[in-house]
Amino acid sequence: MKEIEFELNGEAYSLRLFRPEYTAALQQAADYPEVAKGMSDRFASPYTLATAEAFVNQVAIPSDGGILAIFAQEQLIGGIGLHAQQDVWRYNMEIGYWLTPAFWGRGLMKKILPLFLERAWGRYPDLHRVVGTVFSFNLGSVKVLEAAGFRLEGKSLEAVYKAGQFWDEYHYALLRTEA
């Protein structure tokens with residue numbers, strides 16, 4: 001089932017709930033070291049079929065629709081999702097997203113993120129704030145968040161260790177009242 005459909009530069013795209021039959025396509029789309037580099041270490045590299053199966057089983061059934069697969073026509077090319085926070089942060093959700101490298105640099109995520117957030121504000125009435133963290137080398141993701149209206153709240157110096165070195169981590173947020 002397609003949750004969101006749109007066109008960009010004459011090409012059809014959709015966001016869909018993850019389903020078990022997407023497992024092999026997810027593994028193929030996600031198994032790139034350059035994708036994993038921009039993600040936390042929970043995003044495995046190599047991204048094996050077993051990793052893809054475990055992820056799909058975790059998010060597909062039951063699903064509240066907070067994590068969706070990104071498709072170009074019928075090809076799975078990425079994912080986007082919100083992760084609920086706990087305790088005193090319970091009205092916050094953290095955004096995460098990725099695309100397979102062949103689709104980088106097309107402005108695709110700049111189109112997807114606002115559509116996804118519009119859906120999220122309606123789907124989660126208690127959601128007050130969406131947060132996003134970006135590693136300092138990932139300037140493409142910085143541009144995506146800023147284009148969607150996220151505000152830089154601060155940075156943690158050399159807070160993450162990826163690809164053999166320390167990087168700063170940028171902290172972004174968007175309030176419901178700002179969306």
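Values quoted throughout were computed directly from the atomic coordinates according to the rules given, and no laboratory measurement underlies them. Keep in mind the model is a prediction, meaning the values are calculated, not measured. Every residue, glycine as well, gets a Cβ built from its backbone with ideal geometry; the counts of neighbours run over all protein chains shown.
Assorted remarks:
- Membrane-span-like helices in the chain (whole DSSP H runs, Cα extent of at least 15 Å along the helix axis, mean Kyte-Doolittle hydropathy of at least -0.5): 49-60, 108-123.
- Cβ-Cβ FRET estimate between TRP89 and LYS110, R0 fixed at 35 Å, reported to 0.05: 0.85
- Look at the Cα gyration tensor of region 57-111: its axes a ≥ b ≥ c give a/c of at least 1.5 with a/b at or below b/c, and that counts as oblate.
- Mean Cβ count within 10 Å, highest first, over the residues of peptides 71-77, 128-134, 160-166: 128-134, 71-77, 160-166
- The GLU7 and LYS143 beta-carbon pair, evaluated with R₀ = 25 Å, returns a calculated FRET efficiency of approximately 0.75.
- Highest-first packing order for the peptide set 43-52, 91-100 is 91-100, 43-52, based on the mean count of other beta carbon atoms within 10 Å.
- If the chain linking ARG16 and HIS128 were pulled fully straight, counting 0.36 nm for each residue of separation and taking away their Cα-Cα distance, it would gain 37.9 nm.
- For the listed peptides 118-127, 136-145, a ranking on the average number of other beta carbons within 10 Å per residue, highest first, reads 136-145, 118-127.
- Sequence-distant contacts, meaning Cα pairs under 8 Å at least 6 residues apart, place the relative contact order of region 49-179 at 18 percent.
- Within the chain, the ratio Rg/Rh, alpha carbon atoms throughout and Rh by Kirkwood, equals 0.94.
- Region 3-60: radius of gyration over Cα atoms, expressed as a fraction of 2.2 N^0.38 Å: 1.26
- Considering helices alone, the calculated mean residue ellipticity of the chain at 222 nm is -8000 deg cm²/dmol, with DSSP H runs of length four and up weighted by -39500 (n - 2.57) and normalised per residue.
- Among residues other than VAL144 with Cβ under 13 Å from its Cβ, the summed charge is +3 (Lys and Arg +1, Asp and Glu -1).
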